[in-house]
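Take a look at the structure set out below.
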Amino acid sequence: MSGVRFLLSSTVKATAPPPIPLAYQWAASYVRTPERPLIDLSQGVPGISPPDTLLEAIGKTSSSPAACGYGPMNGEAPMRLALVNEMKSVYGEDADIKPQDVALTSGCNMAFIAAVMSVASAGDEVILPVPWYFNHQMSLTMLGIGVVPLYTHSTRGFRPNVSECASLITSKTRAIALVTPNNPTGAVYPPELIKAFAELAYSKNVALIVDETYRDLIVEGQPHDLFHSSLGDGTWRSTLIHLFSFSKSYCLPGHRLGAMVADSSVLQQTNTVLDCLQICPPRPIQLALHPLMPTLRPFVQSTSAAIASRHRLFHRVLPQSWSIKSQGGFFAFVRHPFPGTSSEIVSKILATRYGVVTLPGTFFAPTAGDKKTDWSDAEECVRFSVANVTDEQVIQLGLRLAEVEEELSTVLSSGCTE
Ligand SMILES: Cc1ncc(COP(=O)(O)O)c(C=O)c1O
């Protein structure tokens, strides 16, 4: 007899399996040629490496015996200070942020888990705008925390509505979790909207978690002014938990470094969580990165400018029948031209037949059983991560999508989607 003789976790069983491997499975069956290579716009991955100065520094710190031991559970003090200084360059010099407000984590996914474990227990609820970043929904489900969907719509630029959110708050609500610039839609929430959510969270005594993994991709203006304005009779510390990732703007996803910024009473709880989950965040990357942070600003800015220009190119080369519903950060969320066909079928065919790997909107939404019947954006939209590829690949993408239309209509009408 095969298989284990013990039960597996019911909360993990209740969690959807990681969706990205399915997209790579589709990609694996594409027959690539030198003339028609795969164009991978699926997982949000920076298309370039970090600067040589950083790579060399990582080489040195990785081979240093000094980096082999455990470090502080909330990160190296100089790295926390370097992040604070960087945040002042992003949010304004008057931003009220101190190194003791920061905990460094093994990536931003870990920061999200640490944040929700710090504020919520099994049976509590967290409100997530839909479409959601699937790892947020999966993490909450695994922890037994209820996920309350706050539907957003293409017609409103996928911006969540504050009064709709207010109507979802109950005695079980512990947090509202926003992502801006958003994954998957790319929508950038205006500072006034983020402020309105902070005021709502403040008035209802719940936390506002804002995952700003893609904040450096905002090329004009500050992401929001919460760090230097008052909130109720206090500061952002009463309500906000800010999350950040070094994976995207510093092109370091494999080195696993993220951050959580919150009031010290929250971080005290978070330290307990982090001591168990990570003991300490990876040390070689922190030791390499902190002295270089100020010198990397031009790299971060030029990468962001290049991605913004790639978004414009994407807009120009996209065949007219595909309609961009929202765009920003790493992503474009695009309505496909096959009404009545699920985005999952469209993404699958794009990958297997055309070598264009995307993620369907359905990966970012509740499954059919618990979905609102009038919420069709997930079925109609496909996410393209335009940050992954070069301008030349975006041009090739435009040509392939132009081919797709006629052929795909025939394939879909024949019912053959294998
Ligand atoms: C919104 C958001 N948060 C967090 C992450 C993960 O970041 P990290 O690599 O730092 O764990 C991603 C990655 O795609 C993301 O899109």
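Just so it is clear, none of the values below were taken in a lab; they were calculated from the coordinates. Being a predicted model, the structure only gives us computed values, none of them experimental. Virtual Cβ from ideal backbone geometry, glycine too; neighbours counted across all protein chains shown.
Of GLY232, LEU128, HIS290, which is farthest along the charge dipole of segment 52-295 in the positive direction, counting Lys and Arg as +1 and Asp and Glu as -1 at C-beta? Going by the Cα projections, it comes out as LEU128.
Each Cα pair of segment 125-264 feeds into the Kirkwood radius, which the Stokes-Einstein equation turns, at 4 °C and 1.567 mPa s, into a diffusion coefficient of 84 µm²/s. Placing pseudo-labels 7 Å out from each Cα toward the beta carbon at ASP275 and ALA305 gives an inter-label distance of 4.7 nm. The Kirkwood hydrodynamic radius of the chain, based on inverse pair distances between different Cα atoms, is 22.3 Å.
Taking other residues whose beta carbon is less than 14 angstrom from the beta carbon of ALA306, and scoring Lys, Arg as +1 and Asp, Glu as -1, yields 0.
Residues whose amide H lies under 5 Å from that of TYR151, counting only those 5 or more places away or on a different chain, are VAL130; hydrogens are built 1.01 Å from N in the peptide plane. For the peptides 295-304, 211-220, the ranking by mean Cβ contacts within 10 Å, running from highest to lowest, is 211-220, 295-304.
Of LYS195/LYS348; LYS98/LYS248; LYS88/LYS172; LYS248/LYS348; LYS13/LYS195; LYS88/LYS195, which ones are farther than 30 Å apart at the Cα? From LYS195/LYS348; LYS98/LYS248; LYS88/LYS172; LYS248/LYS348; LYS13/LYS195; LYS88/LYS195, over 30 Å: LYS195/LYS348; LYS88/LYS172; LYS13/LYS195. For the chain, give the share of DSSP beta bridges that are antiparallel, in percent and rounded to the nearest 5; count only bridges with both residues there. About 50 percent, rounded to the nearest 5. Calculated translational diffusion coefficient of segment 52-295 (37 °C, 0.692 mPa s; Stokes-Einstein with Kirkwood radius over alpha-carbon pairs) equals 180 µm²/s. Assuming charge only on the beta carbon of Lys and Arg (+1) and of Asp and Glu (-1), the dipole of segment 52-295 about its Cα centre is about 460 debye to the nearest 20. In order along segment 327-344, the phi-based Karplus estimate (6.51 cos²θ - 1.76 cosθ + 1.60, θ = phi - 60°) of 3J(HN,Hα) comes to 7, x, x, 8, 10, 10, 10, 10, 7, 7, x, 10, x, x, 9, 5, 4, 5 Hz; Gly and Pro are listed as x. Were the residues from GLU93 through GLN25 laid out at 0.36 nm apart, the gain over their Cα-Cα distance would be 19.8 nm.
Estimated translational diffusion coefficient (Stokes-Einstein, Kirkwood radius over Cα pairs, 25 °C, 0.890 mPa s) of segment 1-134: 120 µm² per second. Comparing PRO149, PRO184, PRO37 in a Gaussian network model of the chain, where Cα atoms under 10 Å apart are tied by springs, the biggest mean-square fluctuation is seen for PRO37.
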